[in-house]
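Engineer: Here's a structure for you.
The values are calculated or read from the model by the stated rules, or taken from the named source; none is laboratory data. Treat the numbers as computed from the prediction; the structure is a model and nothing was measured. Heads up, the Cβs are rebuilt from the backbone with ideal geometry, glycines too, and the neighbour counts pull from every protein chain shown.
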Amino acid sequence: MFFYTKKIKVTGKENIPKKGAVLFMVNHPNGLIDPLIVAVNNPRVQHFLVRAATFKKPLIKKFLGTLNLMPIYRIRDGVQQLGRNQEIFEKCFSILNNQKALMIFPEGSHDKRRTVRPLSKGFSRIVFGALEKNPDLQIHIIPVGLTYQNPSVYPSNVCLQYGNSILANDYFKPETINSEIKRLKDAISSQLKTLSVHIPADDNYQKTLDKFNAVNVDFTCVDEVNKMVESGVIFKRKRTFNFFDFLKPIIILNSIIPWIIWKYAEHKNDEFEFIDTFRYGISTLAFGLFYMLQTYLVSWFLTWKIGLIYLASSLILLLIYSKTHPTPAKLPLE
């Protein structure tokens, strides 16, 4: 992630309990890259709930299971599949009861729009179900906001913000369960709207977004952008010039085979929110293997010292480019 992103700004880590049951509630703008961004910037070992469609192939299901990922079934997966969620809920109860951390995406799906969508109430079944089984258990809910400058472009800036802890026990009142679920959802949603960029999804959404894109606003300055949304006063972002643009063709030439693989995969991908996920996966596997192979060939035909110099130079070029290249605000499909 250090090589892949330009910068990840993290705030609020002091709000994360060092021990005890924790449920991280994260907005979901960018596919499978979202849990990865949070996981590598979180001191707690976590378990994740992700959409069941990801687990279709047995080999992938087994691999994802080793990474603490669990499938959650939605109505779109088929009504008959919803019954399989009970087994997953039982696992979640056990995770929380064992004082561990769980991460879920309560919006229910990923979406590139810069807005916090209504939260599903599935998480309340997990929280209140765990408390019903163990009334003495304390569960802390931490809302987490993710905002990307532009997830479709490499490299991108990211802002990750942890909110204030919400004690779920304060909302566990079986006699008024429906109103308490709504109250809990409102408390979480309210924080998510300040922890990530939130442009209300009304008739003015696209007009507001176009104004931000026109001046290339830095969306990772979340507090400033949300203030602009409220006031309607938009400040222009100073354009930056990259002195290292000449590196791009050199890097592509030096990585031509994995670059071609990525371009082929990008063409086949029909979900915008998975562009970053596929690019990250291909970059991690194909580019690493290709550089090692090229290093071996250089060492074979020349010397191992020259081979190591080649490998170090390749990584340094990538690092300079990823840390200096400006990222535009506008998404390609807007």
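Engineer: Just give me the residues in the stretch 11-27 being in contact (Cβ under 8 Å) with a residue 40 or more places away in the chain, within 14 Å of Val45 (Cα to Cα) and assigned to a loop (DSSP other than H, G, I, E, B), in sequence order.
Structural biologist: The answer is Ile16, Pro17, Lys19, Gly20.
Engineer: Moving to a separate point now. Got a sec? Which of Leu96, Leu102, Leu137 is at pLDDT 90 or above, in contact with a helix residue (DSSP H, G or I) (Cβ under 8 Å, 6 or more places away or on another chain) and assigned to a strand (DSSP E or B)?
Structural biologist: Numbers: Leu96 fails: assigned to a strand (DSSP E or B); Leu137 fails: assigned to a strand (DSSP E or B).
The conditions single out Leu102.
Engineer: Give the residue, chosen from Val158, Val127, that is buried (at least 20 other Cβ atoms within 10 Å of the Cβ), outside any strand (DSSP E or B) and β-branched (Val, Ile, Thr). Give the steps one after another, and end with the answer.
Structural biologist: Values: Val158 fails: outside any strand (DSSP E or B).
Exactly one of Val158, Val127 is buried (at least 20 other Cβ atoms within 10 Å of the Cβ), outside any strand (DSSP E or B) and β-branched (Val, Ile, Thr), namely Val127.
Engineer: Right, next: Kindly evaluate Phe290 against the criterion of being farther than 29 Å from Arg51 by Cβ, in the same structural domain as Leu318 (by TED's automatic domain parsing) and touching a Pro at 6+ places or on another chain (Cβ under 9 Å).
Structural biologist: Working: farther than 29 Å from Arg51 by Cβ: yes; in the same structural domain as Leu318 (by TED's automatic domain parsing): yes; touching a Pro at 6+ places or on another chain (Cβ under 9 Å): yes.
Against the criterion (farther than 29 Å from Arg51 by Cβ, in the same structural domain as Leu318 (by TED's automatic domain parsing) and touching a Pro at 6+ places or on another chain (Cβ under 9 Å)), Phe290 qualifies.
Engineer: What number of residues within the stretch 189-228 are assigned to a helix (DSSP H, G or I), among the aromatic types (Phe, Trp, Tyr) and buried (at least 17 other Cβ atoms within 10 Å of the Cβ)? If you could, list the steps in order and put the result at the bottom.
Structural biologist: Within the stretch 189-228, the first condition is being assigned to a helix (DSSP H, G or I), and the residues that meet it are 189-195, 205-214, 222-228.
From the residues that got through so far, the ones that are among the aromatic types (Phe, Trp, Tyr) too are 205, 212.
Retained after the next criterion (residues that are buried (at least 17 other Cβ atoms within 10 Å of the Cβ)): 212.
Residues flagged as assigned to a helix (DSSP H, G or I), among the aromatic types (Phe, Trp, Tyr) and buried (at least 17 other Cβ atoms within 10 Å of the Cβ) within the stretch 189-228 amount to 1.
Engineer: I would also like to ask the following. Scan the stretch 152-173 for residues that are touching a residue at least 24 places away in the same chain (Cβ under 8 Å) and either out of contact with any Ser or Thr (no Cβ under 9 Å at 6 or more places or on another chain) or among the small types (Gly, Ala, Ser) (or both) and jot them down.
Structural biologist: Matches in the stretch 152-173: Ser152, Ser156, Gly163, Asn164, Ser165, Ile166, Leu167, Ala168, Asn169, Phe172.
Engineer: Taking the condition within 15 Å of the chain's Cα centre (by Cα), within 30 Å of Asp223 (Cβ to Cβ) and at pLDDT 85 or above, does Val50 pass? Steps first, please.
Structural biologist: Details: within 15 Å of the chain's Cα centre (by Cα): yes; within 30 Å of Asp223 (Cβ to Cβ): yes; at pLDDT 85 or above: no.
Considered against the rule, which asks whether it is within 15 Å of the chain's Cα centre (by Cα), within 30 Å of Asp223 (Cβ to Cβ) and at pLDDT 85 or above, Val50 comes out as no.
Engineer: Check off (1) more than 18 Å from Ile37 (Cβ to Cβ); (2) without any contact (Cβ under 8 Å) to a residue 40 or more places away in the chain for Phe278 and give me the number that stays unchecked.
Structural biologist: Going through the list (1) more than 18 Å from Ile37 (Cβ to Cβ); (2) without any contact (Cβ under 8 Å) to a residue 40 or more places away in the chain, Phe278 breaks only (1).
Yes or no, residue by residue, for (1) surrounded by 17 or more Cβ atoms within 10 Å (Cβ to Cβ); (2) under 30 Å from Val215 (Cβ atoms); (3) more than 34 Å from the chain's Cα centre (by Cα):
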{"position": "Thr284", "(1), (2), (3)": "no, no, no"}
{"position": "Phe290", "(1), (2), (3)": "yes, no, no"}
{"position": "Trp300", "(1), (2), (3)": "no, no, yes"}
{"position": "Thr303", "(1), (2), (3)": "no, no, yes"}
{"position": "Ile306", "(1), (2), (3)": "no, no, yes"}
{"position": "Tyr310", "(1), (2), (3)": "yes, no, no"}
{"position": "Ser314", "(1), (2), (3)": "yes, no, no"}
{"position": "Ile320", "(1), (2), (3)": "no, yes, no"}
{"position": "Thr324", "(1), (2), (3)": "no, yes, no"}
